[in-house]
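The values are calculated or read from the model by the stated rules, or taken from the named source; none is laboratory data. These numbers come from a predicted model, not from an experiment. Quick reminder, even Gly has a Cβ in these numbers, built from the backbone with ideal geometry, and neighbours come from all protein chains shown. Accessible surface is based on the protein model in full, side chains and every heavy atom, while ligands, DNA and RNA are left aside. Shrake-Rupley method; radii C 1.70, N 1.55, O 1.52, S 1.80 Å.
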Amino acid sequence: MSEGLLSGKKGVVMGVANEKSIAWACAQACAAQGATLAFNYLGEALERRVRKLAADIPGSVCFPCDVTKDSEITEFFEHIKSEFGTVDFVIHSLAFAQREDLTGKFIDTKRENFLLAINISAYSLVAVAREAAPLMNSGGSIISMTYYGAEKVIPHYNVMGVAKATLEASARYLAEDLGPKGIRVNCVSAGPLRTLSSSAIAGMKLMLNTNEKNAPLRRNVTPEEVGKTSVYLLSDLASGVTGEVLHVDCGYNILGMYGADILSQEKQGE
Ligand code: NAD
């Protein structure tokens, strides 16, 4: 394999469900830069699909891990330790909320559903970082996928917005805890993308349309672009970057108001 930005590095990819998963786009980008990868899968239902995809990446391995179970996270990293010895990076690209909570009003979120969303979507990063850090002998990089709904209210994103805010804050505290070991922790805030999980969000079409019409680049982001940014954060190019939330959203988050095109159309009509 030719020299790449991640040549010789061993990484863990958590969150591949199918070929549309952001985790899979990141995995492909990392493999193209020379990384060797370990994947998790959630239950037997996803095992075949993940193994089939992973087979495209030479030297990769797959093990089960449901992040609601501490024992599975521990066993997952034990498997990785025995396969790889050490780990250089982790991609945490997973989340969950009940479908009923991604429509209607946030105020109606039940306690158990709120806790489930935070547990899987945010606490899991803490639990994963705790198991991964001892394997990162010569420093490392951990990234997690977030969304703008952590910062601003997005229709129907609801409890997932609260979970993402928790995730982003957790990444900052982890960055402080792990910084002295040379381990960096960052979030990638991706613009809306059609995936298995995002199909559960009632406002997904509106999110895609609004982003496409108004983002400075006047289009939606691609999974490949999220993958490329992930490579940057995981590589030595980002050696001085930690605790950040890096937006890969065609610039949507910088807007304070929409309507630049409407205004110039009105001017032309004057
Ligand atoms: P996806 O459905 O492909 O991936 C979600 C993954 O979460 C799946 O692989 C699923 O198996 C995993 N998961 C759920 N519960 C789990 C559990 N208990 N244990 C282990 N894994 C579990 O969807 P995606 O859009 O690729 O989502 C990946 C990440 O990107 C999520 O954090 C999501 O919130 C975030 N994100 C998505 C978008 C988007 O528009 N699709 C935008 C910004 C951020």
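Listed by chain and number, the lysines whose C-alpha is less than 19 Å from the C-alpha of Lys81, apart from same-chain residues fewer than 8 away, are Lys9, Lys10, Lys69, Lys181. Inverting the pair-averaged 1/r between distinct Cα atoms of the chain gives 19.0 Å as its Kirkwood hydrodynamic radius. Evaluated with a Cβ-only charge set (Lys, Arg +1; Asp, Glu -1), region 93-138 carries a dipole of roughly 60 debye about its Cα centre, given to the nearest 20. Magnitude of the charge dipole for region 10-268, about its Cα centre and with charges confined to Cβ atoms of Lys, Arg (+1) and Asp, Glu (-1), is about 520 debye.
With every protein chain in place and a 1.4 angstrom probe, the accessible-area ranking of Tyr173, Tyr252, largest first, reads Tyr173, Tyr252.
The stretch between Ala169 and Val126 holds 14.4 nm of extra length on full extension. This uses 0.36 nm per residue minus the Cα-Cα distance.
Loop-located GluC sites (Glu not before Pro) across region 1-57 with a Cβ neighbour count of 16 or fewer within 10 Å are Glu3, Glu19, with loop assigned by DSSP. Between region 100-143 and region 9-67, the C-alpha centres lie 19 angstrom from each other.
Counting only C-alpha contacts under 8 Å and six or more residues apart, can you give the relative contact order of the chain as a whole percent?
Working: 521 pairs, mean separation 51.2, N = 270.
Relative contact order for the chain comes out at 19 percent.
Considering only Met204, Ser121, Tyr41, and ranking their Cα positions along the charge dipole of the chain that arises from unit charges at the beta-carbon of Lys, Arg, Asp and Glu, the one farthest toward the positive end is Met204.
Given R0 = 45 Å, the distance between the Cβ atoms of Ser264 and Ala55 translates into a calculated FRET efficiency of 0.35. With label points built 7 Å along Cα→Cβ from the Cα atoms of Ser7 and Glu83, find their separation and express it in nm. Between Ser7 and Glu83, the simple spin-label model gives 2.4 nm. In this rough spin-label picture, where each label sits 7 Å from Cα along the Cβ direction, the Asn209-Glu75 distance is 4.6 nm. Select from Ala55, Phe96, Ser82 the residue farthest towards the positive end of the dipole of region 29-160; place +1 on Cβ of Lys and Arg, -1 on Cβ of Asp and Glu, and compute about the Cα centre. Sorting the options by dipole projection puts first Phe96. Given a 1.4 Å probe and the protein chains as shown, Glu112 ends up with an accessible area of around 140 Å².
Quick check for you: with a 1.4 Å probe and neighbouring chains kept, what is the accessible area per residue of region 85-218, in Å²?
It amounts to 45 Å² per residue over region 85-218.
Label point of Thr222 set 7 angstrom out along Cα-Cβ; within region 42-81, no amide nitrogen lies under 11 Å from it. One decimal place: the segment Glu47-Val241 gains 66.4 nm when fully extended, by the rule 0.36 nm per residue minus the C-alpha distance.
Annotation for Ser199 and Leu255: the two label points, set 7 Å from Cα along the Cα-Cβ direction, are 2.7 nm apart. Excluding same-chain neighbours fewer than eight residues apart, the lysines reachable from Lys110 by a Cα-Cα span under 21 Å are Lys164. Screening the chain for whole DSSP H helices with an alpha carbon extent of at least 20 angstrom along the helix axis and a mean Kyte-Doolittle hydropathy of at least 0.0 yields 158-178. With every protein chain in place and a 1.4 angstrom probe, the accessible-area ranking of Phe106, Phe77, largest first, reads Phe106, Phe77.
Rolling a 1.4 angstrom probe over the chain with all protein chains present gives an accessible area of which 53% lies on carbon and sulfur atoms.
Near Arg172: Cβ cut-off under 14 Å, other residues only, Lys/Arg at +1 and Asp/Glu at -1. The net charge is -3. Residues whose amide H lies under 5 Å from that of Leu37, counting only those 5 or more places away or on a different chain, are Gly11, Ser60, Val61; hydrogens are built 1.01 Å from N in the peptide plane.
The figure for Thr222 is an accessible area of roughly 50 square angstrom, using a 1.4 Å probe on the protein chains alone.
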